[in-house]
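The values are calculated or read from the model by the stated rules, or taken from the named source; none is laboratory data. As the structure is a prediction and not an experimental result, all values here were calculated from the model. Note: ideal-geometry Cβ built from the backbone for every residue, glycine included; neighbour counts use all protein chains shown.
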Amino acid sequence: MSPIVSIIMGSTSDLPVMEKAAQLLNELEVPFEMNALSAHRTPEEVEHFSKNAHSRGIKVIIAAAGMAAHLPGVIAASTPLPVIGVPIKASLEGMDALLAIVQMPPGIPVATVGINGALNAAILAVQMLSLENKELEAKFIAYKQNLKKKIVSANEDLKKVEYTFKTN
């Protein structure tokens, strides 16, 4: 089994956030890899990864970083693959990371999800992959239907909660 999604984080301290992406990819049976690479501490390894990901069969990269958050942009600069940036809340409530990832120059886009939004990054990756993979598309549609069922069920449970002035 070869990975088609690569989850890259600037540090293993990002793992508690990025596990949500890994869990969804695992649930939907999407082969993925996870690595820690730093745009600042291991720039040569980041460049090597970025330049070779496409030829290794990777189709989408999810890159997480906090603070200066250069990792997603540095990766995007050296690969033809779509890169999804996940800003990590490390300082300044994650706003520094969000702005660093979303403010890319023309020609080097990074799709960006919300702060600590690893699950949405995985969902976006699956949506991209589903364009070419009908089996994955069917799994994703079922996943979305399950989300709907959970909310409908939760709403039914709320009907059982009683307050003196609650009218429904």
For the range 1-12, give me each residue that is without any contact (Cβ under 8 Å) to a residue 60 or more places away in the chain and either small (Gly, Ala, Ser) or in contact with a Cys (Cβ under 8 Å, 6 or more places away or on another chain) (or both). SER2, SER6, SER11
Among the numbered criteria (1) touching a helix residue (DSSP H, G or I) at 6+ places or on another chain (Cβ under 7 Å); (2) aliphatic (A, V, I, L, M); (3) assigned to a loop (DSSP other than H, G, I, E, B), which one does VAL126 miss? (3)
Got at least one residue in the range 86-105 being at pLDDT 95 or above, outside any helix (DSSP H, G or I) and either of a type in the set (Gly, Ala, Ser) or on the phi > 0 side of the Ramachandran plot (or both)? no
The range 64-114, subset out of contact with any helix residue (DSSP H, G or I) (no Cβ under 9 Å at 6 or more places or on another chain) and charged (D, E, K, R), residue nearest to LYS51 (Cα to Cα): ASP96
Of (1) within 22 Å of ASP14 (Cβ to Cβ); (2) of a type in the set (A, V, I, L, M, F, W, C); (3) assigned to a helix (DSSP H, G or I), LEU158 satisfies every one except (1)
Exclusive hit being on the phi < 0 side of the Ramachandran plot, at pLDDT 95 or above and surrounded by fewer than 23 Cβ atoms within 10 Å (Cβ to Cβ), set ALA64, ALA53, ALA36: ALA36
